[in-house]
1. Please pick out the residue among 228, 233, 250 that is surrounded by fewer than 20 Cβ atoms within 10 Å (Cβ to Cβ), modelled with pLDDT under 80 and part of a helix (DSSP H, G or I).
2. Here are 44, 25, 19: which of them is touching a Ser or Thr at 6+ places or on another chain (Cβ under 9 Å), farther than 16 Å from residue 216 by Cα and of a type in the set (Gly, Ala, Ser)?
3. Just to check your reading of the model, which residue among 57, 46, 35, 69 is of a type outside the set (Phe, Trp, Tyr) and in contact with a His (Cβ under 7 Å, 6 or more places away or on another chain)?
4. Only helices (runs of 4 or more DSSP H) wholly contained in the stretch 48-156 count here; list those with 1 or more residues that are modelled with pLDDT of 80 or more and among the acidic types (Asp, Glu).
5. Out of everything in the stretch 1-18 that is crowded, with 20+ Cβ neighbours inside 10 Å and among the small types (Gly, Ala, Ser), what residue ends up being nearest to residue 182 (Cα to Cα)?
6. Filter the stretch 48-73 down to the residues that are of a type in the set (S, T, N, Q) and more than 13 Å from the chain's Cα centre (by Cα), then identify the one that is surrounded by the most Cβ atoms within 10 Å (Cβ to Cβ).
7. Considering only residues of the stretch 19-47 that are among the polar types (S, T, N, Q) and part of a helix (DSSP H, G or I), which is surrounded by the most Cβ atoms within 10 Å (Cβ to Cβ)?
Amino acid sequence: MEHFLLLLGTGIVGGMINAIAGGGAIIMYPALLASGLSPIVANATSSLVVWPGSVTSAYGYRRDLKKVSKGFLWLALPCLFGSIIGAAILVNTNPATFEALAPWLVLSAVVLLATQSRLHRWLSGQSKKRKIHWHTMPLIYAAVFPLAIYGGFFGVGFGLMMLAVLGFSGLKNIYQMNGVKNLCGIVMAVVATIYFSRAGLIDYGSGAIMATGTAIGGITGAKLTHKVSAHLVHDLTVIIGFIIALVLIVKA
């Protein structure tokens with residue numbers, strides 16, 4: 001019962017954080033570890049956990065997405081192939097090696113999250129002056145491909161890096177960027193889930209509980225995104241993330 005409440009509650013909170021400010025996986029991955037999963041299984045299971053929240057969050061941004069050029073739908077291709085490569089790398093990584101590496105990957109994601117407020121301000125400035133030229137989208141596709149490889153291997157922090165790339169895309173505001181980011185996250189997470197499932201790395205019991213939470217949190221967060229302070233959510237997530245990262249490093 002304790003694990004059920006931990007996974008469901010963390011899923012709801014993580015889904016809301018992803019929709020409002022990004023970085024929810026920083027707390028969801030450790031919760032999967034706390035439920036008794038090994039680091040590599042927890043990481044693989046997080047791919048199953050993330051996509052329901054991305055779906056409901058993308059639905060919450062549907063009005064913003066309607067104003068986005070259809071060319072952004074082609075970002076599904078680099079996300080598709082990149083996530084396959086990243087998932088394959090994870091499957092072939094020694095579990096002990098990944099266990100030693102994972103805490104530092106979490107810490108890197110937290111550091112990236114800590115710079116997000118500056119990133120959002122920069123994105124706002126870029127969106128006002130950037131226009132889509134003939135060469136813009138091919139460059140965006142090329143930049144997203146290595147991000148998808150990383151996301152297929154270890155998804156924590158993928159959304160933040162995706163937002164940075166979309167700052168050059170000509171999208172008009174952060175809500176459109178979040179919508180596109182969530183669509184890319186859906187493709188990447190679904191592909192990784194299928195790959196990890198075939199490799200037997202997903203714990204469906206724990207994943208289903210947390211995925212239910214992220215679906216609830218995703219739609220709730222998208223509805224609250226214009227009402228809740230993203231900066232407050234962001235700052236609290238950074239503080240919690242640093243604590244979690246330090247605990248994981250000490251335990252490693």
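The values are calculated or read from the model by the stated rules, or taken from the named source; none is laboratory data. Since this is a predicted model, take the numbers as computed values, not measurements. Please note: Cβ atoms are built from the backbone with ideal geometry, for glycine as well, and neighbour counts cover all protein chains shown.
1. It is 250.
2. Working: 25 fails: farther than 16 Å from residue 216 by Cα; 19 fails: farther than 16 Å from residue 216 by Cα.
Being touching a Ser or Thr at 6+ places or on another chain (Cβ under 9 Å), farther than 16 Å from residue 216 by Cα and of a type in the set (Gly, Ala, Ser) holds for just one of 44, 25, 19, which is 44.
3. Values: 57 fails: in contact with a His (Cβ under 7 Å, 6 or more places away or on another chain); 46 fails: in contact with a His (Cβ under 7 Å, 6 or more places away or on another chain); 69 fails: in contact with a His (Cβ under 7 Å, 6 or more places away or on another chain).
Step by step, each of 57, 46, 35, 69 is checked, and only 35 is of a type outside the set (Phe, Trp, Tyr) and in contact with a His (Cβ under 7 Å, 6 or more places away or on another chain).
4. In the stretch 48-156, 95-114 are the helices (runs of 4 or more DSSP H) which contain 1 or more residues that are modelled with pLDDT of 80 or more and among the acidic types (Asp, Glu).
5. Selected residue: 15.
6. We begin by selecting, within the stretch 48-73, every residue of a type in the set (S, T, N, Q); these are 54, 56-57, 69.
Pick out the ones that are also more than 13 Å from the chain's Cα centre (by Cα) and you get 56, 69.
Numbers: 56: 22, 69: 14.
Across the stretch 48-73, the extreme among qualifying residues is 56.
7. Kept after step one, since they are among the polar types (S, T, N, Q), are these residues of the stretch 19-47: 35, 38, 43, 45-47.
With part of a helix (DSSP H, G or I) added as a condition, the list becomes 43, 45-47.
On the way: 43: 26, 45: 27, 46: 28, 47: 30.
Within the stretch 19-47, the match that is surrounded by the most Cβ atoms within 10 Å (Cβ to Cβ) is 47.
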